[in-house]
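Q: Before anything else, here's the structure in question.
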Amino acid sequence: MKVILTQDVDALGLAGQVVDVAKGYARNKLVPGGLALEASPANLKLLEKEAAEYEVRAMKEKEKAQVLAGQIEALRLTISQKAGEKDKLYGSVTNMDLAAALAEQGVELDRRKIKMAENIKILGDYEIPVKLHTEVTAALKVSVIKAR
């Protein structure tokens, strides 16, 4: 089924693109969530009229993401956790912990944008990717130290 994306959707496309998806995905997720419209002739004409608006909005979102990426890359978070033998943490540091630490630094960010392969379980220095936009990814520097 062909749909017109009204918002950027990870691994699918950018706002304003016409993409082909499974009918169930379109009817159950994309259309009810306001992420897409069915690619009917009337909606395609509407897309042509709003194409310039989509491009301007996409450029503004990318610029905002680049500014935020600069702020994130300038930071170095230090998180103290209790640790045991061989510097292994009691528990772990998750993307929720990182989002809370960023909020303390004045950077409000959705935790789902912090792309950790797995939770941090050992003391040390880490570089965590933060996907802010489809074309903008920042590197967040994190030091996990032993709590005293």
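Q: Return one number: the angle in degrees, 0 to 90 and rounded to the nearest 10, between the long axis of the Cα atoms of helix 95-104 and the longest principal axis of the Cα atoms of the chain.
A: 80
Q: What are the residues whose amide H is under 5 Å from the amide H of THR6, where those residues sit 5 or more places off or on another chain and H is modelled from the backbone?
A: Excluding prolines and chain starts, which carry no amide H, the hits are GLY16, ALA36, LEU37.
Q: Select from GLU63, GLU85, GLU104 the residue whose mean-square fluctuation is largest in a Gaussian network model of the chain (Cα-Cα springs shorter than 10 Å).
A: GLU85
Q: Would you compute, for the Cα atoms of the chain, the largest minus smallest coordinate along each principal axis and list the three values in descending order, in whole Å?
A: 65, 32, 19
Q: Quote to one decimal, in nm, the extra length available between LYS131 and GLU55 on full extension: 0.36 nm per residue of separation minus the C-alpha distance between them.
A: 25.4 nm
Q: Residue by residue through segment 82-91, which ³J(HN,Hα) values in whole Hz follow from phi under the Karplus form 6.51 cos²θ - 1.76 cosθ + 1.60 (θ = phi - 60°), with glycine and proline marked x?
A: Taking θ as phi minus 60°, the curve returns 6, 9, x, 4, 6, 6, 7, 6, 7, x Hz for segment 82-91.
Q: Return the percentage of antiparallel bridges among DSSP beta bridges fully within the chain, rounded to the nearest 5 %.
A: That works out to approximately 75 percent antiparallel.
Q: Here is a follow-up. Sorting check: for 28-34, 13-19, which peptide has the highest mean count of neighbouring beta carbons within 10 Å, and how do the rest follow?
A: Taking the mean over residues of other Cβ atoms within 10 Å, the ranking is 13-19, 28-34.
Q: Output the relative contact order of the chain, whole-number percent, from Cα pairs under 8 angstrom with separation of 6+ residues.
A: This gives 21 percent for the chain.
Q: Would you kindly derive the ³J(HN,Hα) couplings of segment 106-115 from the backbone phi angles with the Karplus curve 6.51 cos²θ - 1.76 cosθ + 1.60 (θ = phi - 60°), listing them in order in whole Hz, with x for Gly and Pro?
A: Result, rounded to whole Hz: x, 10, 7, 8, 5, 4, 6, 7, 7, 9.
Q: Using modelled amide H (1.01 Å from N, peptide plane; none on Pro or chain starts), what sits under 5 Å from the amide H of ILE79, excluding residues fewer than 5 places away?
A: Long-range HN contacts for ILE79: SER143, VAL144, ILE145.
Q: Working from Cα positions, state the angle (0 to 90°, nearest 10) between the long axis of helix 41-74 and the longest principal axis of the chain.
A: Rounded to the nearest ten degrees, it is 20.
Q: At THR78 and ALA139, where each label point lies 7 Å from the Cα along Cα→Cβ, what is the point-to-point distance in nanometres?
A: Label at THR78, label at ALA139, 2.1 nm between them.
Q: Greater than 31 Å separation of Cα atoms is the criterion. Which listed pairs, LYS23/LYS121; LYS2/LYS141; LYS60/LYS115; LYS82/LYS115; LYS23/LYS64; LYS23/LYS45, meet it?
A: LYS23/LYS121; LYS2/LYS141; LYS23/LYS64
Q: Using R₀ = 30 Å, calculate the FRET efficiency as 1/(1 + (r/R₀)^6) where r is the Cβ-Cβ separation of ILE122 and GLN66; round to 0.05.
A: That gives a FRET efficiency of 0.40.
FYI, it's all coordinate maths here, none of it is from the lab. As the structure is a computational prediction, the values presented were derived from the model and not from experiment. Note: ideal-geometry Cβ built from the backbone for every residue, glycine included; neighbour counts use all protein chains shown.
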